[in-house]
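The values are calculated or read from the model by the stated rules, or taken from the named source; none is laboratory data. All values reported here derive from a predicted model rather than from experimental measurement. Here Cβ is always computed from backbone atoms with ideal geometry, including for glycine, and neighbour counts include all displayed protein chains.
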Amino acid sequence: MTSIITDPDALSALCQRIRNAPRIAIDTEFHNERSYTARLMVVQIAFEDEIVLIDPIALPNLTPLAEALQHTTVVGHALSGDLRIFAERFGVLPSRIFDTQIAAAFCGYGLSISLLDLVQSITGIRLQKSQTVSDWSARPLTQRQLEYLVDDVAHLFALHDALQKKLEANQRLAWADAEMDALSQLSTFTADPQRLYLRLNGTSRLNRRDLGIVRELAALRDRIARDKDVPSKYIFSDDVLMSIMSVRPSQIEELSQLRRLEPSARKAYGAEIVAAIQRASDLPEYELPPRITRMVPLNRDGIVTLLSVVAAAIAAEHDLPTALLAPRAALDRVARDLPKDHEEMSVALELSEWRVALLADRLLDLLAGRTALCITDTKNETPRVVTVSQFPL
């Protein structure tokens with residue numbers, strides 16, 4: 001029988017047990033449709049000998065749980081979504097993390113293997129994912145929901161043990177640890193309000209003053225949404241934000257020109273919108289954001305394509321997903337900067353040490369014309385892209 005924690009005393013006892021455990025497994029169920037930060041509905045905790053469910057509806061303050069998790073190793077699958085909630089709701093993250101999805105990527109299972117497929121591959125057990133669209137706010141939880149919740153954490157220790165051995169055998173543990181360590185940093189889940197405008201469509205066409213206004217409006221919208229704990233689009237949409245920038249109202253009354261800005265929003269946020277526009281309008285030129293340039297020249301696009309092919313070949317040599325080794329943004333920066341030496345390449349890549357160690361020299365050779373590409377093994381089912389230095393023409 002799985003126990004469900006619904007009162008503060010039981011939560012306190014559970015947190016003490018977590019602090020003393022060498023490791024625990026965790027998963028969460030949450031709803032994120034109508035809040036700025038997703039709202040926890042269920043938290044599943046597995047020990048070596050027991051699985052416990054926590055009811056956040058009965059216990060809305062789970063700060064003690066978040067703090068307890070700092071004292072043990074937290075095992076989970078695709079933890080970033082769960083940890084983002086802890087970072088945004090409680091400002092605390094576990095200090096030691098083992099993410100089985102990240103570990104699996106370094107063990108040849110692909111970049112984003114599901115828990116269902118990983119459990120079946122490693123343990124041979126077939127999970128029944130029948131409640132993926134369940135309403136987790138409903139109480140009491142049904143028997144099928146309880147079985148689903150238990151399944152999500154019941155096999156994580158077996159995955160942890162198996163993947164740890166594979167990582168050690170393949171000498172990939174340090175690489176995986178570097179990726180997992182990032183999940184324990186609050187900065188990983190903290191967006192800079194002054195950079196939120198970069199997510200908006202259409203900014204590449206704007207001048208610097210317009211960008212300054214959009215930056216202020218995006219930061220204002222985010223602050224209001226965070227304070228009210230509602231999605232940013234509930235304050236005003238991206239399209240409305242861009243329309244406000246175009247109109248540049250200096251008086252609240254001028255906001256009435258914007259048909260899609262609700263009257264309630266004009267009344268609630270009108271003064272702040274006008275003040276944000278005034279702040280951006282008063283900024284000196286040197287404080288305005290730079291123009292946003294998109295990589296459009298055909299020659300640069302071709303360079304990125306070649307860099308991508310080399311990165312894919314290196315990833316294949318090490319049985320890694322290409323996107324894990326070399327994100328597209330990193331290759332874009334290399335094509336833009338065309339680094340001349342190892343130091344410049346490291347700066348352009350902006351990647352972790354293990355990635356730079358694999359990529360830097362090979363990409364430099366390509367840029368300097370010291371290598372070329374060819375395809376081998378075309379007569380069998382696994383042709384490969386390799387460099388000429390490995391397979392002379």
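When residue 99 is tested against (1) touching a residue at least 60 places away in the same chain (Cβ under 8 Å); (2) among the acidic types (Asp, Glu); (3) surrounded by fewer than 17 Cβ atoms within 10 Å (Cβ to Cβ), only condition (3) is not met.
Filtering segment 21-33 to residues that are in contact (Cβ under 8 Å) with a residue 60 or more places away in the chain and of a type in the set (Val, Ile, Thr) leaves only 26. For segment 240-280, a residue qualifies if it is closer than 15 Å to residue 213 by Cβ and acidic (Asp, Glu), and the qualifying residues are 254, 272.
Please specify each residue of segment 34-57 satisfying the condition of being surrounded by fewer than 14 Cβ atoms within 10 Å (Cβ to Cβ) and in contact (Cβ under 8 Å) with a residue 24 or more places away in the chain.
Taking segment 34-57 and keeping what is surrounded by fewer than 14 Cβ atoms within 10 Å (Cβ to Cβ), we get 34, 48-50.
Those that are surrounded by fewer than 14 Cβ atoms within 10 Å (Cβ to Cβ) and in contact (Cβ under 8 Å) with a residue 24 or more places away in the chain: 34, 48, 50.
Let me confirm something: among 289, 249, which residue is in contact with a Gly (Cβ under 7 Å, 6 or more places away or on another chain), more than 30 Å from residue 364 (Cα to Cα) and outside any helix (DSSP H, G or I)? Within the list 289, 249, the selection yields 289. Considering only residues that are basic (Lys, Arg) and either out of contact with any His (no Cβ under 7 Å at 6 or more places or on another chain) or buried (at least 18 other Cβ atoms within 10 Å of the Cβ) (or both), which ones fall in segment 1-33? The answer is 17, 23. Among residues of segment 166-191 that are part of a loop (DSSP other than H, G, I, E, B), those with a Cβ under 6 angstrom from a residue that is hydroxyl-bearing (Ser, Thr, Tyr), sequence gap 6+ or separate chain, pair up as 184/95.
Return the only residue of 328, 300, 355 being more than 19 Å from residue 179 (Cα to Cα) and basic (Lys, Arg). I'd like the intermediate steps shown before the answer.
Numbers: 328 fails: more than 19 Å from residue 179 (Cα to Cα); 355 fails: more than 19 Å from residue 179 (Cα to Cα).
Among 328, 300, 355, only 300 is more than 19 Å from residue 179 (Cα to Cα) and basic (Lys, Arg).
Looking only at segment 167-205, filter to residues that are within 23 Å of the chain's Cα centre (by Cα) and among the basic types (Lys, Arg); which one of those is surrounded by the fewest Cβ atoms within 10 Å (Cβ to Cβ)? Looking at residues that are within 23 Å of the chain's Cα centre (by Cα) and among the basic types (Lys, Arg), I get 199.
If the condition is being buried (at least 19 other Cβ atoms within 10 Å of the Cβ), under 25 Å from the mean Cα position of the chain (by Cα) and more than 16 Å from residue 41 (Cβ to Cβ), then segment 114-153 contributes 115, 118, 119, 151.
The rows are residues; the columns are (1) surrounded by 17 or more Cβ atoms within 10 Å (Cβ to Cβ); (2) polar (S, T, N, Q); (3) touching a residue at least 24 places away in the same chain (Cβ under 8 Å); (4) not assigned by TED's automatic domain parsing to the domain that holds residue 200.
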{"site": "226", "(1), (2), (3), (4)": "no, no, yes, no"}
{"site": "242", "(1), (2), (3), (4)": "yes, no, yes, no"}
{"site": "249", "(1), (2), (3), (4)": "yes, no, yes, no"}
{"site": "252", "(1), (2), (3), (4)": "no, no, no, no"}
{"site": "266", "(1), (2), (3), (4)": "yes, no, no, no"}
{"site": "270", "(1), (2), (3), (4)": "yes, no, no, no"}
{"site": "273", "(1), (2), (3), (4)": "yes, no, yes, no"}
{"site": "278", "(1), (2), (3), (4)": "no, yes, yes, no"}
{"site": "281", "(1), (2), (3), (4)": "no, yes, yes, no"}
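For segment 378-393, the tally of residues that are basic (Lys, Arg) and either modelled with pLDDT under 65 or within 36 Å of the chain's Cα centre (by Cα) (or both) stands at 1.
Of all positions in segment 206-220, none carries a residue that is modelled with pLDDT under 95, part of a helix (DSSP H, G or I), in contact with a Lys or Arg (Cβ under 9 Å, 6 or more places away or on another chain) and surrounded by fewer than 20 Cβ atoms within 10 Å (Cβ to Cβ).
Just to be sure, is residue 206 over 22 Å from residue 275 (Cβ atoms) and of a type in the set (A, V, I, L, M)?
Numbers: over 22 Å from residue 275 (Cβ atoms): no; of a type in the set (A, V, I, L, M): yes.
Answer is no for this residue.
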